[in-house]
Each structure stands twice: as C-alpha cells, then as structure tokens.
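J.: This structure is in structure tokens; I'll ask about it shortly.
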Amino acid sequence: MTVRNDRPQFEAEVTAVSRVSPHMVRVALGGIRGLDGSRMPEGGVSDEFFGLWVPGAGADALNGRVKRYYTVRRRRADAGELDVDLLLHGTGPATEWAARAAVGDVVMFDSPRGHYAPPSDSTRLVLCGDATALPAIGRMLEERAEQDSSPPASILIALDDRADAQLLPIRPGDDLCWCSPKDLVAGVRSRIGDDSRSYVWFSGEAADMRAVRAMLRRELNIPTARWMTMGYWRRDSERWSARFEAAGPELRIAIDEVLSSSVDDETQSDLLEELLAARGLL
C-alpha cells in the first residue's frame, strides 16, 4: 500500500452501456486522456481497480463528483477503451449513476492498480467473493484462458439473485459454485482444504473479508504471498461513513502514517484494523 494523491488523473467518455445481468451494468470508457497530458499506464494485473469519480454530492465530493472504486473488467487496447462492470446494489451516487449511465457521460479516474499475484508454484487458484467480485474473477479466468498452462481453479461466488450468475470460462479440472451470501465464508474454508500451495483470492463485503483474512492469517497460518483479501463494500456504509467523518482529521493522519510506512501490505492491514477497531469502526 502507498499514499495516493486523492485526485483524478484521467478523463474519459462513456462510449457504450449494456446490461450484463439484472443487477450488473457494463460501461465502456473511451477517449481516455491524462489531465496532465500523460498517457494511461499499460494493462496491469487481473484484479486492477481504480477510483472512479461520478456525479454526486456529499462530504467527500470533488467539484460535484464522488469517488468509488471499481475493477477494470477488460482492457481493449485496439479500441483504446476500458470496460467497467458496475453492480446495482444498495443506494448511493455510484449505484444511481450506474443505473442511468449514458453514452457521452464524462467520468474521471485515477491510475489503475491491483494485487493479484499467484506464486509460480501454485497448485490451485481459489477465487471467491460476492457479486462485486465477479468483474475481477471473470477477468482472471479470461486471461488465464490465454495462457498455455496454469493451475486449475476452484471458484465460489455468492449472489443475492441467482439471475446474476454469468457464463465464465471454465477448464477441465475447475469447479464453480454459486452460493448464498450466508454460506460464503464457510465455503471459502472448505475450498482451501489442506493444499498448502493454493493461491487464495477473496473480495466482498468488509466483515466477510475480515473473517476470511483472519482464517487465512491466524487460523491456517498461510504465508501472505499465497493469498489476497479485499473488502469492496460495507453493509452499514452510510452509518460507517458518518462515524468516520466524526472521528476527525486525527484518524486520517494516523491512516496516512500507516500507509506511508515501509511494512508489508498485510502488516499495514493489521495496523489499519487496530486503528479502526479502537474507534468502533470495524
């Protein structure tokens, strides 16, 4: 993790909008240009994401826009475009914009970055999460399909609505399961099994992420190079945001100090959890 300048770096226009499933909208972004004249970096790892500024208001608004994080679902270098899949769930400016996104809309975003890094000796990929993880998992499997060799995958995805299931590129030896959100964490544990050389990637709701992370780090003692967990959203986001703002600038300063430290990502995550827990924000 590193400290980031919380400002957009690129601007783009919506060139196409399509519905992937009842609750997933795909937005194509084209005409990408750096706000300082720079070019966007080349394609990154399969779970690369960016901060996307969309129309909205609130304490975190910048010139009438708010930032929310999304995965780069697909890069289409031949067209100079990016595809971004946006899940329509809950309320808020990003969901509201996704529901009415139209060709010609202008958005801004920062530089994409990601964490997906299976060790070369991985024997299995364990890819798990809820519907918000579908864009990243879909891209992981698509890019794996272009490789001559890679380990089999065990995929578990929790959906509120089974109609949001997508057709994914599965190989012989893979297993794919769609489950209820309440069964997600236990399902992750069963898929890890006793294989000490699996690579585990999980993303989803923050509390579920913490449960999976604690399982990997403390219960199973799996080396941090063999897993990555990310919390994409919170069930209590409005209440949490209000409490975070009420914590004052001291908390932001403390967070920046952790993020600017030289310790590894997982140690940073431990320190951040301690900061938030001390203020009742976990």
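J.: Taking the condition of being surrounded by 13 or more Cβ atoms within 10 Å (Cβ to Cβ) and either of a type in the set (Ser, Thr, Tyr) or within 20 Å of ALA136 (Cβ to Cβ) (or both), how many residues in region 13-31 meet it?
T.: Total satisfying the criteria: 10.
J.: For region 17-133, give me every one of the strands (runs of 3 or more DSSP E) that falls completely inside it and has 3 or more residues that are under 20 Å from SER203 (Cα atoms).
T.: Per the criteria, 24-34, 49-55, 65-76, 81-87, 124-130.
J.: Take ALA165 and tell me if it is under 28 Å from LEU216 (Cα atoms), more than 16 Å from the chain's Cα centre (by Cα) and surrounded by 14 or more Cβ atoms within 10 Å (Cβ to Cβ).
T.: Yes; evaluated as a whole, the condition is true for this residue.
J.: Something else about it: If a residue has to be in a loop (DSSP other than H, G, I, E, B) and hydrophobic (A, V, I, L, M, F, W, C) to count, how many in region 179-238 make the cut?
T.: 2
J.: Name the pairs whose Cβ atoms lie under 7 Å apart, with the first residue in region 176-204 and closer than 20 Å to SER46 by Cα, the second assigned to a loop (DSSP other than H, G, I, E, B) and aromatic (Phe, Trp, Tyr), and 6 or more positions between them or separate chains?
T.: Hits for this filter: TRP201/TYR116.
J.: Return the residues of region 259-277 that are without any contact (Cβ under 8 Å) to a residue 60 or more places away in the chain and either in contact with an Asp or Glu (Cβ under 8 Å, 6 or more places away or on another chain) or among the acidic types (Asp, Glu) (or both); say none if nothing qualifies.
T.: Hits for region 259-277 are ASP264, GLU266, ASP270, GLU274.
J.: Another question about this same structure. Specify which of the listed residues (ALA133, ALA117) is under 17 Å from the mean Cα position of the chain (by Cα) and surrounded by 20 or more Cβ atoms within 10 Å (Cβ to Cβ).
T.: None of the other options fit; the residue is ALA133.
J.: Give GLY173, GLY138 a once-over and let me know the one that is farther than 27 Å from THR267 by Cα and crowded, with 21+ Cβ neighbours inside 10 Å.
T.: GLY138 is the lone residue from the list that is farther than 27 Å from THR267 by Cα and crowded, with 21+ Cβ neighbours inside 10 Å.
J.: Hey, another quick one. I'd like the residue in region 79-110 that is β-branched (Val, Ile, Thr) and within 19 Å of ASP161 (Cβ to Cβ) and, out of all such residues, is modelled with the lowest pLDDT.
T.: Here the residue is THR91.
The values are calculated or read from the model by the stated rules, or taken from the named source; none is laboratory data. Since the model is a prediction, treat every value here as computed from it, not as a measurement. Don't worry about glycine lacking a Cβ; one is built from the backbone with ideal geometry, like all the others, and counts go over all protein chains shown.
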